[in-house]
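Single-structure report; data block below.
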Amino acid sequence: MNKDLLQARVQEEILTFINSRKSLQLATAGKNTEPYASYSPFAIGDDCLYVLLSEMAVHATNLQENSAASVMIIQDEDNAKELFARMRINYSVKAEMLGYDNENWTLGINTLIKRHGDRINKLSQLSDFKLFKLTPTGGRYIKSFGKAYSLTGNGLTGNEVQHMTGGHTKRNAA
């Protein structure tokens with residue numbers, strides 16, 4: 001299969017997979033660089049992910065102190081054919097907190113409402129809830145064993161998709 005066709009097919013698969021999930025795993029670190037893992041419902045918009053987080057939660061404070069984070073969107077265990085090769089996508093992201101006066105606030109909130117309903121509208125009215133735009137700066141899409149792809153460049157599908165080869169080799173007997 002030619003490279004351009006493969007890239008287009010994988011990028012389409014990535015978007016289909018992301019659209020099938022409603023929450024993401026989020027790894028953050030604050031000023032002290034202590035890692036923290038959490039999750040959040042998300043919405044897709046403008047080649048990025050939007051999350052609405054309460055400042056009462058560690059991950060919101062961390063993202064305000066350190067905009068570098070990691071996101072994983074993963075297939076449910078119950079639906080996976082192989083537990084050790086669950087379909088997933090990992091992103092390195094740059095987080096930007098969008099204030100109420102930011103022109104993208106309404107876009108982000110409306111995108112979340114469309115995906116998750118009126119609960120978002122109610123939460124967005126609370127002063128401790130902050131809207132974050134997570135822009136991918138690279139990532140990996142793992143479809144199954146032997147089907148892993150590196151994503152380079154910004155955005156949900158990257159500018160370039162490269163099939164990852166090599167890696168697993170059998171250990172020599174002692």
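The values are calculated or read from the model by the stated rules, or taken from the named source; none is laboratory data. Since we're looking at a predicted model, the values are computed, not measured. Here Cβ is always computed from backbone atoms with ideal geometry, including for glycine, and neighbour counts include all displayed protein chains. Accessible surface is based on the protein model in full, side chains and every heavy atom, while ligands, DNA and RNA are left aside. Shrake-Rupley method; radii C 1.70, N 1.55, O 1.52, S 1.80 Å.
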field: Solvent-accessible heavy-atom area per residue, rounded to whole Å², over the chain at 1.4 Å
entry: 60 Å²
field: Listed candidates [x] 20.8, 72; [y] 17.5, 64; [z] 19.2, 54 - label of the one calculated as Rg and Dmax of the Cα atoms in Å
entry: [y]
field: Rounded percent of accessible protein surface that carbon and sulfur make up, the chain, 1.4 Å probe
entry: 49 percent
message: List the trypsin sites (Lys or Arg not before Pro) within segment 72-121 that DSSP assigns to loop and that have no more than 10 neighbouring Cβ atoms inside 10 Å.
response: LYS81
- line: Per its Cα gyration tensor (rounded if a/c is under 1.5, else prolate when a/b beats b/c, else oblate), segment 58-119 is best filed as oblate
Under 20 Å from LYS114, Cα to Cα: lysines that are on another chain or at least 8 residues apart: LYS22, LYS122, LYS130, LYS133
- request: Enumerate by residue number the GluC sites (Glu not before Pro) in segment 26-121 meeting two conditions: DSSP loop (anything except H, G, I, E, B), and at most 16 other Cβ atoms within 10 Å of the site's Cβ.
  value: GLU55, GLU82
- request: Give me the distance in nm between label points sitting 7 Å out from Cα along the Cα-to-Cβ direction at LEU15 and ARG86, one decimal.
  value: 2.6 nm
For the chain, calculated [θ]222 nm from helices alone, where every DSSP H run of n ≥ 4 adds -39500 (n - 2.57): -8500 deg cm²/dmol
statement: Here the net charge surrounding GLN11, from other residues whose Cβ is less than 11 Å away from its Cβ (Lys, Arg +1; Asp, Glu -1), is -3
- prompt: Please identify the chymotrypsin sites (Phe, Trp or Tyr not before Pro) of segment 53-160 that satisfy two criteria: DSSP loop assignment and at most 11 other Cβ atoms within 10 Å. Which are they?
  reply: TYR100, PHE145
- prompt: With each label point set 7 Å from Cα along the Cα-Cβ vector, what nm distance links LEU107 and ASP76?
  reply: 3.2 nm
